[in-house]
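One structure is given below, encoded as structure tokens.
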Amino acid sequence: MTPYNNILLETIDAVARITLNRPAQLNALNDELMDELSYALTACDANPSIAAIIITGSDKAFAAGADIKAMANLDFETAYLNNFITRNWDTISNVRKPVIAAVAGFALGGGCELALACDTIVAADNAQFGQPEIKLGVIPGAGGTQRLTRAIGKAKAMDMILTGRMMDAAEAERSGLVSRVVPLAELAGTALKMANIIAGYGRLSTMMAKEAVNLTQEASLSSGLQFERRAFHSLFATADQKEGMAAFIEKRKATFKKP
Ligand code: CO8
């Protein structure tokens, strides 16, 4: 693998874990980090031995947002022409394998948006989510106004985006922003266990399930339902469906195919 300066990439069986690694800046997202993250995600997606991906940070910060020092002097023309920092942002949501964000500490601004671009978020009990861009004279620029609102509803999203306040882990769980909250010491293990469970299922079914759920964020109910039905039908063409159902009937654990 290419050496990285701002992230760590490990593979643990069929799981890839990407750790954001700019500790002195609380994992603030700059161009170099985003380029490395994008490269690593693309490589993991293309690697047939990887079935699920975890993105995580440190105990203190998942990511404290875009690097404010790097963008303080940016002007409109440069931001617009270079599609500033978000230029490879869509790589995250274009990954076809399931991606879990394991969040401890601060997930602010672009950090919160990065977690939101993953498929699900598992949080440590010290996690703090926020879109504080308003305090800097700007607004969220990488999906905060859209994905946060879809995740927690308009009232709470407006509250967070207009006041810039943080939401703790308990509120994030109540609001549906995160799927589970665990003690900090259990975060890495919980995310890995979850990723391993996913990796143990059929590759086609986990990827299609992700695709179908993510379509709810884009499509009408009727086209989402139609997609789901066709994807469901197509899975009957797979060896994993034969194995999964035979295993149930024979009262044994299914062994899904490795690509
Ligand atoms: N950018 C650059 N450096 C940062 C950032 C950041 N976002 N956050 C923290 N740091 C640096 C600090 O400057 C400090 O560095 P130094 O020691 O050299 O002064 C170091 O990290 C530690 O930070 P603090 O001393 O402030 O630590 P505290 O524990 O006191 O506070 C906070 C932690 C509350 C997280 C505080 O650092 C903070 O408020 N940070 C800024 C949070 C923020 O406003 N984030 C939003 C940024 S704007 C944004 O994300 C727009 C997204 C647009 C799209 C992006 C796509 C990638």
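The values are calculated or read from the model by the stated rules, or taken from the named source; none is laboratory data. On a predicted model such as this, the values are computed, not experimentally measured, just so you know. Cβ placement follows ideal geometry from the backbone for every residue including glycine, while neighbour counts extend to all protein chains displayed. For the accessible areas, the whole protein counts, side chains as well, though only heavy atoms, and no ligand, DNA or RNA atoms are used. Shrake-Rupley method; radii C 1.70, N 1.55, O 1.52, S 1.80 Å.
Most simply put, the chain has about 30% antiparallel DSSP beta bridges, counting only bridges with both residues inside it. Between Asn47 and Asp59, the contour length at 0.36 nm per residue exceeds the alpha carbon distance by 1.5 nm. Diagonalising the gyration tensor over the Cα atoms of region 146-216 and scaling each eigenvalue by 5 before taking the square root yields semi-axes of 27, 19, 7 Å, largest first. Taking the Cα atoms of region 217-259, the ratio Rg/Rh between the radius of gyration and the Kirkwood radius comes to 1.16.
For the listed peptides 13-21, 106-114, a ranking on the average number of other beta carbons within 10 Å per residue, highest first, reads 106-114, 13-21.
Taking the empirical scaling 2.2 N^0.38 Å for compact globular proteins as reference, region 1-151 has a Cα radius of gyration ratio of 0.99.
In whole percent, how big is the carbon plus sulfur part of the accessible area of the chain, probe 1.4 Å, protein atoms only? Using a 1.4 Å probe with all protein chains present, the chain comes out at 58 percent carbon and sulfur. The angle between the Cα long axis of helix 203-215 and the longest principal axis of the Cα atoms of the chain comes to about 50 degrees, rounded to the nearest 10.
Rg ratio for the chain: its Cα radius of gyration over 2.2 N^0.38 Å, N being its residue count, equals 1.04.
Computed about the Cα centre, the dipole magnitude for region 154-229 is approximately 100 debye when only Lys and Arg (+1) and Asp and Glu (-1) carry charge, each at its Cβ.
Calculated on the alpha-carbon coordinates, the convex hull of region 113-259 measures out at 144 cubic angstrom per residue. Each Lys and Arg Cβ is given +1 and each Asp and Glu Cβ -1; about its Cα centre, the chain then shows a dipole of about 940 debye.
Could you pull out the GluC sites (Glu not before Pro) across region 213-259 that fall in loop regions by DSSP (anything but H, G, I, E, B) with no more than 16 other Cβ atoms inside 10 Å?
Glu218, Glu250
Taking the inverse of the mean 1/r over every pair of distinct Cα atoms in region 70-127 gives a Kirkwood hydrodynamic radius of 13.1 Å.
GNM on the chain, alpha-carbon springs under 10 angstrom: the most fluctuating residue among Asn73, Asn47, Asn94 is Asn73.
For region 71-172, what is the convex hull volume of its Cα atoms per residue in Å³?
98 Å³
Pairs with C-alpha atoms separated by more than 29 Å, drawn from the list Lys60/Lys258; Lys60/Lys253; Lys210/Lys258; Lys60/Lys135; Lys210/Lys251, are Lys60/Lys258; Lys60/Lys253.
Taking Ala43, Ala101, Ala66 in turn, the Gaussian network model of the chain (Cα-Cα springs below 10 Å) assigns the largest fluctuation to Ala43. Applied to region 236-252, the Karplus parametrisation 6.51 cos²θ - 1.76 cosθ + 1.60 on θ = phi - 60° returns per-residue 3J(HN,Hα) values of 6, 8, 9, 5, 5, 5, 4, 5, x, 6, 4, 4, 4, 5, 8, 6, 9 Hz, with x for Gly and Pro. Axis of helix 187-200 versus longest Cα principal axis of the chain: the two differ by about 40°, to the nearest ten degrees. 3J(HN,Hα) along region 114-125: 5, 4, 5, 7, 7, 7, 8, 10, 10, 10, 7, 5 Hz, from the Karplus curve 6.51 cos²θ - 1.76 cosθ + 1.60 with θ = phi - 60°, whole Hz, x for Gly and Pro. Per the Kirkwood formula applied to alpha carbons, region 189-251 shows a radius of gyration over Rh ratio, Rg over Rh, of 1.05. As a length-normalised measure over Cα pairs under 8 Å and 6 or more apart, the relative contact order of the chain settles at 16 percent.
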